[in-house]
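Any read-out appearing in this document is the output of simple, stated calculations on the displayed coordinates, not a laboratory observation. Keep in mind that what you see is a predicted model, and the values were worked out from it rather than measured. Backbone-built Cβ (ideal geometry, glycine too); neighbour counts: all protein chains shown.
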Amino acid sequence: MDQITRKAYAKINLGLDVIRRRPDGYHEVKMIMQTVGICDILTFRKSGRQDGSVTLFLDKKELPCGKENLVYRAAELLTRTHGLRDGVEITLEKRIPIAAGMAGGSTDAAAVFHGMNELFGLSMSLQEMKDLGVGIGADVPYCIQGGTALSEGIGEILTALPSPPAAYLLIAKPDISVSTKFVYENLHADRLQSHPDIDGMVQALERGSLEGIVSRMENVLETVTVREYPVIQTLKDIMRREGALNALMSGSGPTVFGVYKTREAAEASRPAVEKSGMTKEIFVTEFV
Ligand code: ATP
């Protein structure tokens with residue numbers, strides 16, 4: 001086997017709660033994670049060099065291709081952990097919006113675990129990959145697992161859930177940059193007025209009730225980002241006015257997604273979002 005290609009899917013949060021800030025500074029979360037059909041593409045090759053080196057090729061110059069890239073860090077971690085002598089060359093075709101709240105970097109790192117596991121015949125179990133992956137980032141274990149999941153702790157305690165009923169998504173990333181660090185630093189977890197009904201959403205997923213899911217969509221990080229960036233609220237309002245069952249910010253933002261019953265309904269609200277001039281990155285997709 002000379003070459004392996006893997007798709008790295010983005011995620012959205014159907015619900016995101018922060019329980020408390022731990023004394024060590026990490027936030028304890030309770031989130032419903034869902035994979036969606038926007039993906040990066042990674043190709044893995046053995047380089048033929050017997051020096052355990054990692055080489056990353058990228059099609060986006062705004063991303064680092066050295067140690068700051070999560071792909072590079074995941075590949076280096078695997079090379080070191082397994083004492084690999086063969087070098088690896090990785091090509092990353094970036095399609096997921098960057099710094100968007102869609103776990104773009106984490107899902108690329110997860111694809112490295114799957115891709116190198118196969119290319120080098122490392123025989124790592126899913127659990128072994130997740131245990132190692134949390135060292136790269138809190139969302140990496142979820143991205144290794146994928147699908148629909150309840151994520152607790154700092155993101156490393158995962159419970160797989162049934163997929164939601166089929167629905168369509170309009171996803172739009174406003175043309176602004178939001179730092180995840182800024183959002184968490186400015187969140188007052190002990191002063192939140194309202195918390196999402198995550199347990200109710202889990203039950204709605206188990207019942208297969210789309211209505212039960214969309215009526216519980218809530219993200220406590222909006223208390224920070226919407227105040228700072230009103231464009232997020234405006235996009236949510238446009239999607240709701242144009243027929244979305246509900247709309248929410250994903251992760252720490254700024255990406256907003258609307259949930260629709262049909263693809264036609266999602267497509268029909270795209271022009272209003274385009275016309276707002278607030279975003280150039282707009283996708284219609286589904287749950288994966
Ligand atoms: P999350 O939802 O986990 O908070 P995000 O979608 O907000 O993630 P990313 O797209 O993962 O954010 O990128 C955040 C930062 O991480 C970027 O500004 C970038 O410099 C850095 N980064 C490192 N590796 C990658 C990668 N492979 N893809 C995207 N960003 C990366």
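Listed by chain and number, the aspartates and glutamates whose alpha-carbon sits under 15 Å from that of LYS7, ignoring those within fewer than 8 places in the same chain, are ASP40, GLU93, ASP108, GLU118. For the stretch 107-197, the calculated P(r), taken from all Cα-Cα distances in 10 Å bins from zero up to the bin holding the longest distance, is 13, 32, 37, 16, 3, 0 percent. Average projection, convex hull of the Cα set of the stretch 165-214: 5.4 square nanometres. Quick one, could you list the DSSP H helices from the chain stretching 18 Å or more along their long axis (Cα atoms) with average Kyte-Doolittle hydropathy of -0.5 or above? Those that clear 18 Å and a mean of -0.5 are 104-119. A simple count of charges around GLU156, restricted to other residues whose Cβ falls under 12 Å of its Cβ and scoring Lys, Arg +1 and Asp, Glu -1, yields -3. Taken one residue at a time, the phi angles of the stretch 2-10 give Karplus couplings (6.51, -1.76, 1.60, θ = phi - 60°) of 9, 8, 10, 10, 9, 8, 10, 7, 6 Hz. Gly and Pro are set to x. Near LEU187, within a Cβ-to-Cβ distance under 15 Å, what is the net charge of the other residues, with Lys and Arg +1 and Asp and Glu -1? So the environment of LEU187 carries a net charge of 0.
Label the stretch 179-249 by shape, choosing from rounded, prolate and oblate, from the square roots a ≥ b ≥ c of the eigenvalues of the Cα gyration tensor; if a/c is under 1.5 it is rounded, and otherwise prolate applies when a/b is larger than b/c, oblate when it is not. Taking the square roots of the gyration eigenvalues as a ≥ b ≥ c, the stretch 179-249 is oblate. Would you please calculate the Kirkwood hydrodynamic radius of the chain over all C-alpha pairs and express it in Å, rounded to one decimal? This gives a value of 19.5 Å. Phi-derived couplings, Karplus 6.51 cos²θ - 1.76 cosθ + 1.60 at θ = phi - 60°, listed residue by residue for the stretch 14-24: 6, x, 9, 10, 10, 7, 6, 9, 7, x, 7 Hz, with x used for Gly and Pro. Relative to the globular-protein estimate of 2.2 N^0.38 Å, the Cα radius of gyration of the stretch 64-167 stands at 1.09.
Taking a straight Cα-Cα cut-off under 22 Å and skipping sequence neighbours fewer than 8 places away in the same chain, the lysines within cross-link reach of LYS181 are LYS11, LYS30, LYS67, LYS173. Sorted ascending by nearby beta carbons within 10 Å, beginning with the fewest, SER123, SER163, SER250 become SER123, SER163, SER250. Pairs of Cα atoms nearer than 8 Å and 6+ residues apart set the relative contact order; for the chain it is 22 percent. Mind checking which of CYS39, CYS65, CYS143 has the largest fluctuation in a GNM of the chain, springs on alpha carbons under 10 Å? Sorting by GNM fluctuation, first place goes to CYS65. In percent, what relative contact order does the stretch 64-137 have, based on Cα pairs under 8 Å that are 6 or more apart in sequence? After rounding, I find 39 percent. With distances taken between every two different alpha-carbon atoms, the stretch 42-82 has a Kirkwood hydrodynamic radius of 11.1 Å. Per-residue 3J(HN,Hα) values for the stretch 167-177, derived from phi via the Karplus relation 6.51 cos²θ - 1.76 cosθ + 1.60 with θ = phi - 60°, read 7, 10, 10, 9, 10, 9, 9, x, 7, 9, 10 Hz in sequence order (x marks Gly and Pro).
Taking square-rooted eigenvalues a ≥ b ≥ c of the alpha carbon gyration tensor, is the stretch 130-257 rounded, prolate or oblate, where a/c under 1.5 means rounded and, failing that, a/b exceeding b/c means prolate? Oblate, because a/c is 1.5 or more while a/b does not exceed b/c. The ranking of TYR142, TYR9 from fewest to most other beta carbons within 10 Å of each one's beta carbon is TYR9, TYR142.
In the chain, helical runs assigned H by DSSP with n ≥ 4 each contribute -39500 (n - 2.57); averaged across all residues and rounded to the nearest 500, the mean residue ellipticity at 222 nm is -9500 deg cm²/dmol.
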